[in-house]
Amino acid sequence: MHKLIYAIIHAKKESVCRLMNFDIGIQGIKGRELSAVSFNDIWAVVSDAENKDSEMNNDDALEFAAVTEELSHMFTLLPMRFGSLLKSDAEILKVLEKNYDAIRNNLIKVEGKSEYGLKVFRNSSDIIPVPELAEVKQAEGNSVYKNYILNKFNEYRADETLLEYSEKLKTEIAEHISGLNAVIKCNKVTGGNNVYNAVLLLEKEMTDNLTQTVIGIQSCHKELNMMLTGPWAPYNFVDITLK
Amino acid sequence: MKENKILYGTEDMEVLTAQLDTLSAITDSRLNVNADNVDSGLAKLVLTLVELIRKLIEKQAMRRVEGGTLTDEEIERLGETLMKLENKMEELKKYFNLSDRDLNINLGPLGDLM
């Protein structure tokens, strides 16, 4: 029987004892018991698991995420990637011991903080105008090859304009959020009408301030739809490769 | 998730649905090569790389058009080359039963390739 690792938490012994005694009512995937393996003040929360292949379906992934979610309400934690399996408690202990400093540094970085997702969409694809390009309009008499290039050039200019708009928006949002002492990681936009896609790490008690800030930005941009999600476990702010 | 995770946002379900489409595209866009599908798996990998190079060439060409340094004749030749290249890619995609989405490999934390 392998061990599936959900998260590594930083906690005092008593609170983890409560976890192990099921006082907090959390179970692992497939209703399995949770247990904890510790080294100093860090604990890996684990449950038994059969093998990788049989526990890699979408339902398991959702259950796995729900466990991490519950734990994140109680502890500062580093979420583990779904499917992180080790052979035994002894092996987990070795990993904790070997990576203690890196794990502690990451835990300190995210202590008391949560992750939030901010995505921004255009209301419609033509809301950000592409400059009129008289010189690239198709003209009668052009060859099919020239018209092909002109069409491609129009698409290219549209992409460039959108990129420019996204960059400006990135700067504007960063300025608005700067007062919240947040760490912002901008990701690639997901295509379609998405013009901004970022994750933020900030103090849990700043949730309302962040929401108000986003509402403020939205009120300046009727052409956009903003979506703020969270709080999440700090999935995108853990910088560690376990040895 | 047991709780509502949307702190603020549009109630427009289309936006959410589009996001779900993106997520499922990520799952679909991972390379999956095994003994049973080695031909199509390799074709997908090779065509993805060709498509990436084709798009880079196209972008570079557009920069040159933007720079205004190309003559009409050069634009003609460029158009012919790029158009034929695109058509050939379409043929190959059809032959291997691949869509544009298949050729956009997800690179995990780095995002989509294209």
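The values are calculated or read from the model by the stated rules, or taken from the named source; none is laboratory data. Please read these numbers as outputs of a predicted model, since none were measured by experiment. Here the Cβ positions follow ideal geometry from the backbone for every residue, glycine too, while neighbour counts run over all protein chains shown.
Looking only at residues in the range A:210-227 that are farther than 17 Å from A:R122 by Cβ and in contact (Cβ under 8 Å) with a residue 40 or more places away in the chain, which one is nearest to the other protein chains (Cβ to nearest Cβ)?
A:L210
If a residue has to be surrounded by fewer than 17 Cβ atoms within 10 Å (Cβ to Cβ), at pLDDT below 85 and outside any loop (DSSP other than H, G, I, E, B) to count, how many in the range A:115-157 make the cut?
So the answer is 2.
Which of the residues that make up the range A:170-205 are assigned to a helix (DSSP H, G or I) and out of contact with any strand residue (DSSP E or B) (no Cβ under 7 Å at 6 or more places or on another chain)?
Correct list: A:T171, A:E172, A:E175, A:H176, A:S178, A:G179, A:E205.
Quick check: is even one residue across the range A:177-194 surrounded by fewer than 19 Cβ atoms within 10 Å (Cβ to Cβ), of a type in the set (G, A, S) and within 11 Å of chain B (Cβ to nearest Cβ)?
The answer is yes; a qualifying residue exists.
Within the range A:77-100, identify whether any single residue is in contact with a helix residue (DSSP H, G or I) (Cβ under 7 Å, 6 or more places away or on another chain), without any contact (Cβ under 8 Å) to a residue 40 or more places away in the chain and not polar (S, T, N, Q), and answer yes or no.
Yes, the range A:77-100 contains at least one residue that is in contact with a helix residue (DSSP H, G or I) (Cβ under 7 Å, 6 or more places away or on another chain), without any contact (Cβ under 8 Å) to a residue 40 or more places away in the chain and not polar (S, T, N, Q).
When only residues in the range A:195-219 that are among the hydrophobic types (A, V, I, L, M, F, W, C) and more than 12 Å from the chain's Cα centre (by Cα) count, which is surrounded by the fewest Cβ atoms within 10 Å (Cβ to Cβ)?
Checking each candidate, the answer is A:I215.
Restricting attention to strands (runs of 3 or more DSSP E) lying wholly within the range A:1-98, give those where 2 or more residues are aliphatic (A, V, I, L, M), crowded, with 21+ Cβ neighbours inside 10 Å and at pLDDT 90 or above. Walk me through it before giving the result.
Values: elements: A:2-10, A:35-39, A:42-49, A:76-79.
Qualifying strands (runs of 3 or more DSSP E): A:2-10, A:42-49, A:76-79.
Specify which of the listed residues (A:K170, A:K222) is exposed (fewer than 13 other Cβ atoms within 10 Å of the Cβ) and basic (K, R).
Within the list A:K170, A:K222, the selection yields A:K222.
Considering only the range A:99-114, state which residues are in a helix (DSSP H, G or I) and not aromatic (F, W, Y).
A:D101, A:A102, A:I103, A:R104, A:N105, A:N106, A:L107, A:I108, A:K109, A:V110
When you look at B:E80, is it modelled with pLDDT of 90 or more, in a helix (DSSP H, G or I), surrounded by fewer than 17 Cβ atoms within 10 Å (Cβ to Cβ) and at the interface with another protein chain (Cβ under 8 Å from one of its Cβ atoms), yes or no?
Spelling it out, B:E80 is indeed modelled with pLDDT of 90 or more, in a helix (DSSP H, G or I), surrounded by fewer than 17 Cβ atoms within 10 Å (Cβ to Cβ) and at the interface with another protein chain (Cβ under 8 Å from one of its Cβ atoms).
Among (1) within 10 Å of chain B (Cβ to nearest Cβ); (2) under 30 Å from B:E76 (Cβ atoms), there is one condition A:A158 misses while meeting the rest; what is its number?
(1) is the only condition that A:A158 fails.
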